[in-house]
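Beneath this line is the structure, given in structure tokens, with notes to follow.
The values are calculated or read from the model by the stated rules, or taken from the named source; none is laboratory data. The model shown is predicted, which means the values in this text are computed figures rather than measured ones. Cβ sites come from the backbone with ideal geometry, for glycine too, and all protein chains shown count toward neighbours. Heads up: the accessible areas ignore ligands, DNA and RNA and are worked out on the full protein's heavy atoms, side chains in. Shrake-Rupley method; radii C 1.70, N 1.55, O 1.52, S 1.80 Å.
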Amino acid sequence: MVAIADSVPKAHSRFHFILDRRDVLGSLMVAPAILYVLLLVGVPFLMAVYYSMSAYTIYNPSWSFVGLSNFVDVVENPAFRQTLYNTFIFTFGSQILGLVLGKFGALLLLRPFPGRKFVRAIIILPWAVPIALATVAWQWMFDSLYSVINWTLIALGFITRANAPNWLGNPDLAMLSIIVVNAWRFFPFAIVIFLAGITAVPQDVIDAATVDGAGFWRKNYQIIVPMILPIVAIGLVFGIVFTFTDLSIVFLMTNGGPVGATSVLGFAGFQTGITSGDVSHGAAISLFMLPVLLVVVIFMLRFIRRREI
Amino acid sequence: MAAVVTQDIVKKFGEVPAVNGISLTVPDGEFMVLLGPSGCGKTTYLRIICGLEQQTSGDLLIGGNVVNDLPPRARGVAMMFQSYGLYPHFTVRNNIAFPLKTQHVPHDKIEKQVQWASQLLGINHLLDRRPRQLSGGERQRVALARALVREPTALLLDEPLSNLDAKLRTMARQEIKNFQQRVGLTTIYVTHDQVEAMGMGDRIAVIDHGNVRQVGTPTEIYNDPADLFVATFVGSPPMNIVSHNGGGYLGFRPENFLPKSMVEDGAATEFKFRVDRSEYLGAERIVYGVMEGFESKQLITAKLPPAHVDESAIRPGEWHPFAVKNSALRYFDKDGNRTSRH
Ligand SMILES: Nc1ncnc2c1ncn2[C@@H]1O[C@H](COP(=O)(O)OP(=O)(O)OP(=O)(O)O)[C@@H](O)[C@H]1O
Ligand SMILES: [Mg+2]
């Protein structure tokens with residue numbers, strides 16, 4: 001017989017297997033994330049809450065407590081109400097446009113065609129390019145004099161030079177422009193989400209629907225879309241949160257103009273709190289994002305839980 | 001309901017043919033089983049019939065009409081998939097109703113049909129559940145109900161029982177067969193399980209490498225295999241095959257290979273058999289060994305009724321006289337095709 005060496009567990013030091021314990025390993029793994037959230041999200045958040053109820057400005061750093069008066073000031077300001085309204089239009093407009101583009105993009109990219117890999121790779125670009133760079137390009141496209149879009153429309157005979165739209169100068173068109181740019185930035189993400197979802201739908205289910213007599217639309221909107229809805233909803237939560245809090249596109253493209261037509265919460269908070277130095281009112285403006293986002297996220301998460309299959 | 005006829009159907013994926021010229025006629029109301037090893041093209045053939053796949057060449061006729069270019073929904077064929085393909089976000093009721101909704105059947109008619117189909121399969125108490133709340137057997141019945149509900153021209157079943165455990169499988173086999181007879185539906189049933197094929201098929205088509213090797217009733221397939229492939233694919237253990245007459249082959253079923261004393265009078269051929277090993281299986285005893293003077297790739301097997309065997313006639317390591325009735329001997333030529341006796 002061959003003796004089997006070392007088969008008996010040796011007495012190790014107490015800490016040798018410490019990483020095999022779920023509780024220890026688990027805590028160790030989540031610790032950095034929790035620390036990060038506490039220090040870089042929690043603390044600034046609490047500070048913002050306090051600022052919003054103080055009279056703090058950078059010229060007069062006073063910590064005196066003024067209650068909710070900053071919020072009252074903010075709400076009574078018609079410019080703020082315009083901003084709030086803009087934020088909703090901007091967020092939902094660009095999400096809807098992004099989702100539609102994402103859905104069709106995903107459908108196109110699912111079919112094999114020559115060069116699909118290449119297209120799949122470069123379709124990600126709008127998402128990967130730094131927004132500051134992308135905005136410069138878009139600014140030229142929307143420029144009042146040199147707009148490529150207008151040049152094309154004129155060349156195609158849809159408009160004349162005399163009535164060429166001033167994209168960033170007209171309040172409605174300016175809003176439309178930033179929605180388009182944000183949707184452009186968001187749609188690769190939507191494509192990825194849709195592709196992931198659609199690929200996860202079992203081929204048997206799709207085949208069954210085909211044999212059961214479903215045409216293109218029915219297959220898409222009664223079978224595939226409902227099945228991928230949970231994952232799309234998660235994508236949408238991300239999209240809404242990021243767009244609702246975004247200030248970069250507005251800051252870089254329109255600076256909130258013309259006359260506040262494209263001012264959004266993030267931008268207004270930044271303008272008031274940092275640029276103008278009125279930290280307490282800036283904080284109050286920014287905090288308006290919180291209840292809105294909370295409601296959106298809770299609603300979406302509940303929806304996802306209910307739809308889970 | 002309608003007859004399904006395929007004429008020289010070929011399907012190539014790139015250069016490789018998955019289906020290589022299948023011509024098969026399934027008359028109205030017949031239960032046809034396609035039996036073949038994994039990868040022989042059974043699923044591909046079914047997918048061509050229901051229109052999920054376009055054949056490279058050949059004609060497909062349903063109810064006498066050429067339907068080569070009709071889309072799946074115009075063919076009226078129902079298919080049940082190996083993993084059922086139930087719609088996970090629909091209730092059982094909506095799953096079953098779906099094929100009717102796509103045909104814009106009026107609501108009250110849909111309700112009636114759903115009731116009929118679910119009654120037939122005994123699942124009316126499950127109508128408000130979702131597929132994930134069902135057992136494997138229940139899912140299978142829902143899938144079957146969904147396939148039947150619109151009274152299809154033909155029913156295609158792709159290994160519908162492979163996800164069930166052995167006991168449920170026996171029951172489900174019976175159920176499907178009963179139900180098919182009651183409705184009289186033209187059915188094409190794919191399996192690689194020969195027990196299912198023998199037990200259920202009105203006729204069996206044995207398929208290998210995208211070709212039909214033989215079509216016949218279970219008795220014909222078992223007793224008169226057209227070639228070596230069929231002979232060795234059907235039967236458990238398979239038919240014994242030995243080289244014979246320089247190039248040809250001789251075959252006989254294990255249950256026909258008996259100790260000489262057990263073969264009744266009549267024309268029989270005697271062989272010398274050396275037993276190497278024997279397995280007692282309760283209802284039968286399988287004996288493995290070699291035959292004197294004959295070459296075979298596999299061990300020769302004999303299937304004996306254990307109660308009647310004289311132990312001394314199968315003692316391992318010794319040569320024993322065994323015999324096969326001449327009527328049970330099958331001859332094949334050097335290409336493996338069946339020939340009459342030499
Ligand atoms: N879409 C496809 N592209 C390329 N080859 C394929 C495709 N579908 C099937 N094949 C090939 O065709 C052959 C037949 O496949 P098929 O699925 O019809 O086999 P099968 O008889 O159903 O096997 P199984 O019993 O394992 O289900 C296989 O060799 C398979 O690899
Ligand atoms: Mg298959």
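Annotations for the structure displayed:
- Tally of residues being assigned to a loop (DSSP other than H, G, I, E, B) and either basic (Lys, Arg) or open to solvent by less than 30 Å² (accessible area, probe 1.4 Å) (or both) across segment A:91-125: 1
- Yes/no for A:Pro130 being modelled with pLDDT of 85 or more, open to solvent by 50 Å² or more (accessible area, probe 1.4 Å) and closer than 19 Å to A:Leu247 by Cβ: yes
- Residues in segment B:66-94 that are more than 16 Å from ligand 2 (Cβ to nearest atom), within 27 Å of the chain's Cα centre (by Cα) and of a type in the set (S, T, N, Q): B:Asn68 only.
- Within segment A:234-262, being modelled with pLDDT of 85 or more and within 30 Å of B:Asn95 (Cβ to Cβ) holds for A:Gly235, A:Leu236, A:Val237.
- The residue that is farthest from ligand 1 (Cβ to nearest atom), counting only those in segment B:16-48 that are of a type in the set (Ser, Thr, Tyr) and not in a strand (DSSP E or B), is B:Tyr45.
- Residue within segment B:274-282 that is in contact with a Gly (Cβ under 7 Å, 6 or more places away or on another chain), free of Cβ contacts under 8 Å to residues at least 60 places away in the same chain and surrounded by fewer than 19 Cβ atoms within 10 Å (Cβ to Cβ) present: yes
Yes/no per residue for (1) within 22 Å of the chain's Cα centre (by Cα); (2) of a type in the set (S, T, N, Q); (3) within 14 Å of chain B (Cβ to nearest Cβ):
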residue	(1), (2), (3)
A:Ile206	no, no, yes
A:Val211	no, no, yes
A:Gln222	no, yes, yes
A:Thr254	yes, yes, no
A:Pro258	no, no, no
A:Ser263	yes, yes, no
A:Gly269	yes, no, no
A:Leu287	yes, no, no
A:Leu290	yes, no, no
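- Selection of segment B:52-71 for residues being more than 13 Å from ligand 1 (Cβ to nearest atom), open to solvent by 20 Å² or more (accessible area, probe 1.4 Å) and either closer than 16 Å to B:Gly201 by Cβ or within 14 Å of chain A (Cβ to nearest Cβ) (or both) yields B:Leu70, B:Pro71.
- Out of B:Leu155, B:Leu144, sole residue that is closer than 14 Å to B:Phe179 by Cα and not in a helix (DSSP H, G or I): B:Leu155
- Scope segment B:111-127; condition open to solvent by 10 Å² or more (accessible area, probe 1.4 Å) and in a helix (DSSP H, G or I); matching residues: B:Glu111, B:Lys112, B:Gln113, B:Gln115, B:Trp116, B:Gln119, B:Leu120, B:Asn124, B:His125
- Residue within segment B:217-225 that is surrounded by 20 or more Cβ atoms within 10 Å (Cβ to Cβ) and within 16 Å of ligand 2 (Cβ to nearest atom) present: no
- One residue stands out among those in segment B:3-46 that are open to solvent by 50 Å² or more (accessible area, probe 1.4 Å) and within 14 Å of chain A (Cβ to nearest Cβ): the one that is nearest to ligand 2 (Cβ to nearest atom), which is B:Thr43.
- Matching entry among B:Gln82, B:Gln103 (being of a type outside the set (Val, Ile, Thr), within 16 Å of ligand 1 (Cβ to nearest atom) and in contact (Cβ under 8 Å) with a residue 12 or more places away in the chain): B:Gln82
- Just so you know, in segment B:131-168 the residues that are open to solvent by 50 Å² or more (accessible area, probe 1.4 Å) and within 27 Å of B:Ile48 (Cα to Cα) include one that is farthest from the other protein chains (Cβ to nearest Cβ), and it is B:Arg141.
- Residues located in segment B:291-321, provided they are over 21 Å from B:Thr232 (Cα atoms), in contact with a helix residue (DSSP H, G or I) (Cβ under 7 Å, 6 or more places away or on another chain) and part of a strand (DSSP E or B): B:His320, B:Pro321
- A:Thr160 vs. criteria surrounded by fewer than 21 Cβ atoms within 10 Å (Cβ to Cβ), part of a helix (DSSP H, G or I), at negative phi and among the polar types (S, T, N, Q): no
- Reported count of residues in segment A:33-90, each being touching a strand residue (DSSP E or B) at 6+ places or on another chain (Cβ under 8 Å) and open to solvent by 50 Å² or more (accessible area, probe 1.4 Å), is 4.
- Scanning segment B:90-109 for residues that are open to solvent by less than 20 Å² (accessible area, probe 1.4 Å) and within 13 Å of another protein chain (Cβ to nearest Cβ) yields B:Asn95, B:Ile96, B:Ala97, B:Phe98, B:Pro99, B:Leu100, B:Thr102.
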